[in-house]
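Report on one structure; see the data block that follows.
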Amino acid sequence: MRKLNLLVISICMLLASVAWIPADSSQDADAQKQILELKKQVESLEKRIKDLEKKVRFLASNTRVDIPENFPQVQKVPDNWQVFEYNGMKYYSIPLTMEKKETKKERK
């Protein structure tokens, strides 16, 4: 009986010691390799962000735009078009014929 107890205890101790052995070292090496690759990616992305921020600051500081002299002039809207506004935007009612409609002022 004593031998059986001693055998069971020794087997339990052996199993406990095996459970405490660290996991496979190749998995740890792979994890470390992945961590290093991710750190390199983060560094390269941080560098890219800094470069883009510099470009944005440069573009924001140079907001002056020169309009060329030969820029087309805005033409006047024809008189027979009727202007109305909807939700803050201008719309035009464009007649299908070239005839000018009489307005109330012209009738009088």
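Computed from the coordinates by the stated procedures, all read-outs in this text should not be read as laboratory data. These numbers were taken from a predicted model, which means no experiment stands behind them. With ideal geometry, Cβ positions are generated from the backbone for all residues, glycine too; neighbour counts draw on all protein chains shown.
Summing charges over neighbours of LYS55, with a neighbour being any other residue whose Cβ is under 14 Å away from its Cβ, gives +3 when K and R count +1 and D and E count -1.
What the phi angles of region 81-92 give under the Karplus curve with 6.51, -1.76 and 1.60, with θ = phi - 60°, is a coupling list of 7, 9, 9, 9, 10, 9, 6, x, 10, 7, 10, 10 Hz, glycine and proline written as x. How far apart, in nm, are the 7 Å Cα→Cβ label points at ASP28 and LYS55? Each label point is offset 7 Å from its Cα along the Cβ direction, giving 4.3 nm.
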